[in-house]
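S.K.: Structure incoming, see below.
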Amino acid sequence: MQYIPYNKEQFAWTQWGPKEIRKAYENSIAHKEKVYAAIKLVPDFDRTFQNTIAALERASYVESPQMHYVELLLEVSPRSDVRKAAKETLDEYSQKIVDIEYDEDLYHAVLACARKNEPLEGADKKLLEDALRAYRRMGFGLSTEDREELKDIIKQISKLSLEFSKNINDWQGYILVTREELEGLPESYITGLQKDNTGKYKITLQYPDSVPFIKNAESEQKRKELQTKLLQKGGAVNLDILGSLLRLRRMQARLLGYKNHVAYQAKPRTAKTAEHIEAFLTDLAKNVSPLAARDITVMCDLKRTSTGNPDAVLEYHDLSYYLNESEKQTCNVDHEKLRVYFPLEKVLDGMFAIYAKLFSVSFQKITDYPVWHDGVELYAIKNTEGEIIAYFFLDLYPRENKYGHAMAFPIVQGRLLEEGYLPPVSAMVANFPKPTSDTPTLLSHPELTTLFHEFGHIMHGTLTQAPYASQSGTSVARDFVEAPSQMFEHWMWDTESLRLVSEHYKTKEPLPDSDLKNLIKAKKHMIGYQTMRQIIFATFDYQIHTEEEGTPDAISTYNTLVKTYLRVQTPEGNLFPAGFGHLIGYSGGYYGYLWSEVYACDMFTRFAAEGLLNPETGGSYRLWILEKGSSMDELEEVRGFLGREPSNRAFLQEIGLDTIKPE
Ligand SMILES: [Zn+2]
């Protein structure tokens, strides 16, 4: 396949100001309207899949990347005028695009084309089905009145979703601590902290500050103070927004004939029905409960012995701390101490070497193209012929007003054009500790695993060969999209792979064998508790999205689940749901994290048997999973790769439920 070459110009958007953002929006809309008008002009007797359905998909050729640039700039731009313009533009776009898509004539054009029953296969057949479903889900097929109501609901949902996410992003806060209150934290962490004018240390809510503190600070009072702040994220205003969103999503589902929002979401995904999801979560909760209860008891006992108080009660802000403490004591793994063996540069070299070997590609840093901030890097991916097939950005350090979690953003989605294949562009955004004057960025093992996970999304997005952008890369079912990335997390629990990404940042000595062994042995440490946390998030998301009437009380739903499954009280006045950003992107689909683990663990069995650095297995994985996107049914892809029906056996083993009979 020929790839279309890019030059600097294609990356000029990284420097956009408010004026360019505005122009991009106007151009995108104008282009789309022009293409739509042309499709409508085709007389019905001349309609074909190519001039109607494929043309409809191609109409987003200009708009899709341009709007992705704006979305990314909203999350990462260091300029407040750019973020402001991006937000305003996306607000306007989210409303305008609904007006454009609600086009009765276009709908009739699609129907007329479908009625011709052209013999279609594979990606083409799926594209037609997707187009018809999209129109059904817009309410074409309902009465005009219902359709208008639905249209209004969709607009409101878009607007409120943007608002909800922005409130989380903009949320800032910190606590102040003295030097004594930093007991338990390593020197390298302390030197990276900012101070206020009284000389106290600032622990912000950003990951590199807050996560090590919650896990390691001996001062219970300060951990509690920080945890309380973390649980205020998003603010009370987000609870109101969430209430409206839940009601609107329910109305949307009902208008379209679904019982609730989860049922609506599940239909086109691999789960298919809300009942499947409920059964999955209920069974899992039942089986994991005893394991989680055992872990909680261990944590509670540990608190009692270490505080010398036989009546001490395990609290919400203790969970991460005693999980970490028990890992230190029983597994001999101290994540803070191990950081010295994972300097970012070595990690990236090793990670690129692993992915290069598996997928027969190479990575090249591009230094003369523009980026949106000094700390951002751009890479090209080359195939064995040395041709550039894709690009990706790495934006790995926290900044004020930057997206606060780790995520891979699709920017340009691959698509087949007449001139050749359009190379995909993605960006990995994360928040790892910044290097200081004398220490490079040193990753913890959990951060390393996150990096591998996110890079899995980058590979899924960039190695795609799907013909249509709407089916390429990570545009797969929401309850499958995590699977390819979750699978790659397994590499960070493997001796040979860990060797490739580690060496002492000063002495260049390898990670000692004993540490390596202990680390790998600790993989399933408190797996019951850790799985239960995911079950709680998924069940929470499920329950608030299946409430039959009124506004679900999200806070008490969450509190009850934590109390029931972890036997721990959530802090008074917590606003957990207000800061749970996944309620937007995953809305009613958070179960997907656990659900796709089933596929991830199953797919990994082939690598476990054939070798984690086996290029043949990698090639087969690339062919069946990474290249296909959703141009094929996702379960067909898994069957193709495994050469058998998928099974949940490996997943059950992974979470310590080996005794349950797999299906
Ligand atoms: Zn992910």
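The values are calculated or read from the model by the stated rules, or taken from the named source; none is laboratory data. As the structure is a computational prediction, the values presented were derived from the model and not from experiment. Heads up, the Cβs are rebuilt from the backbone with ideal geometry, glycines too, and the neighbour counts pull from every protein chain shown. Surface accessibility is based on the protein's heavy atoms, side chains included, excluding ligands, DNA and RNA. Shrake-Rupley method; radii C 1.70, N 1.55, O 1.52, S 1.80 Å.
S.K.: Looking only at residues in the stretch 159-197 that are assigned to a strand (DSSP E or B), open to solvent by 60 Å² or more (accessible area, probe 1.4 Å) and not polar (S, T, N, Q), which one is nearest to residue 404 (Cα to Cα)?
M.R.: If we take residues in the stretch 159-197 being assigned to a strand (DSSP E or B), open to solvent by 60 Å² or more (accessible area, probe 1.4 Å) and not polar (S, T, N, Q), then 174 is nearest to residue 404 (Cα to Cα).
S.K.: Please determine whether any residue of the stretch 315-324 is under 25 Å from the mean Cα position of the chain (by Cα), among the small types (Gly, Ala, Ser) and over 29 Å from residue 217 (Cα atoms).
M.R.: no
S.K.: What number of residues within the stretch 271-303 are in contact (Cβ under 8 Å) with a residue 60 or more places away in the chain and open to solvent by 20 Å² or more (accessible area, probe 1.4 Å)?
M.R.: 9
S.K.: Regarding residue 191, is this residue modelled with pLDDT under 95, under 29 Å from residue 320 (Cβ atoms) and of a type in the set (Val, Ile, Thr)?
M.R.: yes
S.K.: Failed condition for residue 462, given (1) surrounded by 23 or more Cβ atoms within 10 Å (Cβ to Cβ); (2) closer than 21 Å to residue 126 by Cβ, with all others met?
M.R.: For residue 462, the exception is condition (2).
S.K.: In this structure, does residue 431 turn out to be farther than 28 Å from residue 610 by Cβ and out of contact with any Cys (no Cβ under 9 Å at 6 or more places or on another chain)?
M.R.: Criteria met by residue 431.
S.K.: Taking the conditions exactly as written (of a type in the set (Ser, Thr, Tyr) and either at positive phi or within 31 Å of the chain's Cα centre (by Cα) (or both)), does residue 207 satisfy them or not?
M.R.: yes
S.K.: What number goes with the only condition from (1) under 23 Å from residue 464 (Cα atoms); (2) outside the structural domain of residue 501 (by TED's automatic domain parsing) that residue 638 does not pass?
M.R.: (2)
S.K.: Then there is this: Condition (residue is within 27 Å of the chain's Cα centre (by Cα) and either over 30 Å from residue 430 (Cα atoms) or loosely packed, with under 15 Cβ neighbours inside 10 Å (or both)) applied to the stretch 33-43: is it met by at least one residue?
M.R.: Taking every residue of the stretch 33-43 in turn, none turns out to be within 27 Å of the chain's Cα centre (by Cα) and either over 30 Å from residue 430 (Cα atoms) or loosely packed, with under 15 Cβ neighbours inside 10 Å (or both).
S.K.: Checking residue 246 against (1) open to solvent by 20 Å² or more (accessible area, probe 1.4 Å); (2) closer than 26 Å to residue 482 by Cα; (3) touching a Pro at 6+ places or on another chain (Cβ under 6 Å): exactly one of these is not met. Which one?
M.R.: (1)
S.K.: Inside the stretch 246-276, can you point out the residues that are of a type in the set (Phe, Trp, Tyr) and in a loop (DSSP other than H, G, I, E, B)?
M.R.: 258
S.K.: Provide a single number: the residues in the stretch 634-644 that are touching a residue at least 24 places away in the same chain (Cβ under 8 Å) and more than 21 Å from the chain's Cα centre (by Cα).
M.R.: 2
S.K.: Mind counting the residues in the stretch 429-444 that are farther than 27 Å from residue 483 by Cα and either within 16 Å of the ligand (Cβ to nearest atom) or surrounded by fewer than 19 Cβ atoms within 10 Å (Cβ to Cβ) (or both)?
M.R.: So the answer is 7.
S.K.: For residue 539, indicate whether it is β-branched (Val, Ile, Thr), out of contact with any Pro (no Cβ under 6 Å at 6 or more places or on another chain), away from the ligand (no atom under 16 Å from the Cβ) and in the same structural domain as residue 631 (by TED's automatic domain parsing).
M.R.: Against the criterion (β-branched (Val, Ile, Thr), out of contact with any Pro (no Cβ under 6 Å at 6 or more places or on another chain), away from the ligand (no atom under 16 Å from the Cβ) and in the same structural domain as residue 631 (by TED's automatic domain parsing)), residue 539 does not qualify.
S.K.: Output the residues belonging to the stretch 445-475 that are within 24 Å of residue 59 (Cα to Cα), within 10 Å of the ligand (Cβ to nearest atom) and assigned to a helix (DSSP H, G or I).
M.R.: Matches in the stretch 445-475: 460 only.
S.K.: A further question follows. Would you be able to tell me the number of residues in the stretch 547-585 that are farther than 26 Å from residue 290 by Cα and open to solvent by 30 Å² or more (accessible area, probe 1.4 Å)?
M.R.: Final tally of qualifying residues: 12.
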